[in-house]
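One structure is given here, and the rest of the page talks about it.
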């Protein structure tokens, strides 16, 4: 059987896909921001906190990294209201689920970054009389940020891809747009080709942008 | 407690499907990855190019989109596939790209001199891989492969979105019926964690056995 | 106690290994003390204890009359909180073998960081002071260069400016020229000599025997965690008494 291509319906709804794409990027940015905050605090907790904190962070990281993202999404979106917490709509449920999920990976990235900051630079900070907080703020975090930038970029790309799961709870991002166009027009091959290419192009555009950013922040040791 | 026991069979059936899907994806994906990785390493340039495009595009396309594309797309092309087969195919394609990179990285880390030496004693290509390269590369490949396995188990939950009743779907159905969200999501989390923790633990053991550096 | 730095019976252990086994040293204001000795003799560790980059297990170190790193309660040493230790370190300048400039900051920012954050100077004043120190070490043209754009010698001069700008009571130099290419050693030693002539109290660990002889007021020879011999450069280099010092100097004469 020959498949008859008909691109018209897909391009007629292109704005739906484009809006979905932008929403997906927005969600990924938000999740990365919240997840980074979470990961940063957890990473310092894990590398220099007291034992109970270290165990707690360890449990969070290992727990989250070994369960599917979809489960976290369902828990936040369906589970929380069932136990009496009804504050988040589907969009924010997804953002928080993704932030919690990415936070676990970011914790490990930041922890590796903290460990990679050279002891000499921290000692130089001590030697000019910076206290612990100032050393973290002026030495550790800026240096760590430069070390983890590539990993941070990869995480961002993963998060962007993971936004496709938001379609499971009807957040109107790109994959959800594909489902809707498919249902309305049944131009399935065209839709998924276009959507696949959109994801692919966006991921590579992000990767390219990040490479520029890395060069901008390179210290050229 | 009663609800858990009553839901036991459904959960168990779901768990079985999750394991089945994961194992199938890992087997198929590893085969694809082996072919992909060797193409990247030793293929003639057209083959290498195809493998490169395949691996790099899989990096930029969400697994869920692959699943939908195959689940809805194959029938449109006249190929009838069940939901579970569509899921397995899609995730295998994804897994294969990962494994390709894992193989390329692992084998690529072995010094060229090894291949030359193996050639020097007259081993054929497949023999060189089998007896010289792979045994050495295994220490590098295994940890990354185990990570991929964990990712595959997690990704297998996506087949629930094309209505395969895997662990995730069975839990959703039970939560919908019983409204016991906290309990059953915790059960699901524990089961997924259990599977992946076991995989990682086995991985660590194998790694120790094959680590020669 | 009259010295800027007063060390009494200092003991430092790493686990069971004793690195410093009872070191006594008093450095009055304005003196330049050069510490020499074979590697592993504990000279670097001694410097690091003075600004508490290393904790010590026995004895006392006082800088400007203040016990370093600890509070003494009933004869026992109790470690001070981080904030107070930081304040003490601000009064002790240190220059490292590997420079340790902050790679994400320009030369000027490197020098200004301590001035604005620790000394709490207003920005323009900090900038003025930092600029004048960078000029004094001969880097007027390099204020806005990043460490990666500077040669090793230039980096080390920035590091010296960064330490001196804090107006410390004493400067510690830990093999400040050991990581430099031979042709760059001179410019750094020149800055150190200039600083010594300006009356700065200095403890210098170095292998540059010419510097030790010409700039040092006193040479301290350490070996295996103790001070074996000390005295004016002429005495130490020309009439060494202990066998260990003779062997050490003999080794140097052979290789240099």
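Every number here is computed from the coordinates shown, using simple stated rules; none is lab data. Since this is a predicted model, take the numbers as computed values, not measurements. Glycine also receives a Cβ, built like all others from the backbone with ideal geometry; neighbour counts cover every protein chain displayed.
Below, the figures for the structure above:
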| quantity | calculated |
| --- | --- |
| Overall form of chain C per C-alpha gyration tensor (a/c, 1.5; a/b vs b/c) | oblate |
| Amide N proximity, region A:71-115 versus residue A:62 label position 7 Å along Cα-to-Cβ, cut-off under 15 Å | A:108 |
| Candidates C:108, C:17, C:203: whichever shows maximal mean-square fluctuation once chain C is modelled as a Gaussian network with Cα springs under 10 Å | C:17 |
| Likely footprinting exposure, A:163, C:116, fewest C-beta neighbours within 10 Å first | C:116, A:163 |
| Inter-label distance, nm, simple model (7 Å from Cα along the C-beta direction), residue C:238/residue A:151 | 6.0 |
| Neighbour-count order for C:214, A:190, fewest beta carbons within 10 angstrom listed first | C:214, A:190 |
| Normalised contact order of chain B, rounded percent, pairs of Cα under 8 Å and 6 or more residues apart | 29 |
| Highest average packing first - B:75-83, B:31-39, A:173-181, Cβ atoms within 10 Å | A:173-181, B:31-39, B:75-83 |
| Chain B: angle of helix B:2-42 to the longest principal axis, Cα-based, in degrees nearest 10 | 20 |
| Efficiency of FRET from Cβ geometry, residue B:123 and residue A:53, R₀ 51 Å, rounded to 0.05 | 0.40 |
| Partner chain coverage, peptide C:119-131 - average Cβ within 10 angstrom | 0 |
| Prolate/oblate/rounded call for region C:117-186, Cα gyration tensor, a/c under 1.5 rounded | oblate |
| Modelled FRET efficiency - R0 35 Å, residue B:114 with residue C:39, Cβ distances, 0.05 increments | 0.35 |
| Rounded to 10°, Cα long-axis angle of helix B:134-155 versus longest principal axis of chain B | 20 |
| Ascending count of other beta-carbon atoms within 10 Å, so fewest first, for C:135, C:187 | C:135, C:187 |
| Most mobile of C:16, C:45, C:106 in a GNM of chain C (Cα contacts under 10 Å) | C:16 |
| Gyration tensor (alpha-carbon) shape descriptor, the protein assembly as shown, a/c threshold 1.5 | prolate |
| Sites residue C:213 and residue B:204, calculated FRET efficiency, Cβ-Cβ separation with R0 56 Å, nearest 0.05 | 0.45 |
| Those residues of region A:166-191 whose amide nitrogen sits under 19 Å from the label point placed on residue B:79, 7 Å along Cα→Cβ | A:187-191 |
| Inter-site label distance for residue B:190 and residue B:163 at 7 Å from Cα along Cβ, in nm | 3.1 |
| Extended-chain gain in nm, criterion 0.36 nm per residue less alpha-carbon gap, residue C:16 and residue C:198 | 61.3 nm |
| Exercise: per-residue mean of other protein chain Cβ atoms within 10 Å, A:80-89 | 2 |
| Other protein chain Cβ atoms within 10 Å, averaged over every residue that makes up B:139-150 | 0 |
| Helix axis angle, B:63-76 relative to chain B longest principal axis, alpha carbon, degrees | 80 |
| Whole-number percent relative contact order across region B:59-107, with pairs defined as alpha carbons under 8 Å at least 6 apart | 39 |
| Paramagnetic label zone (point 7 Å from Cα along Cα-to-C-beta, residue A:89; backbone N under 18 Å) in region A:27-53 | A:27-28, A:30-31 |
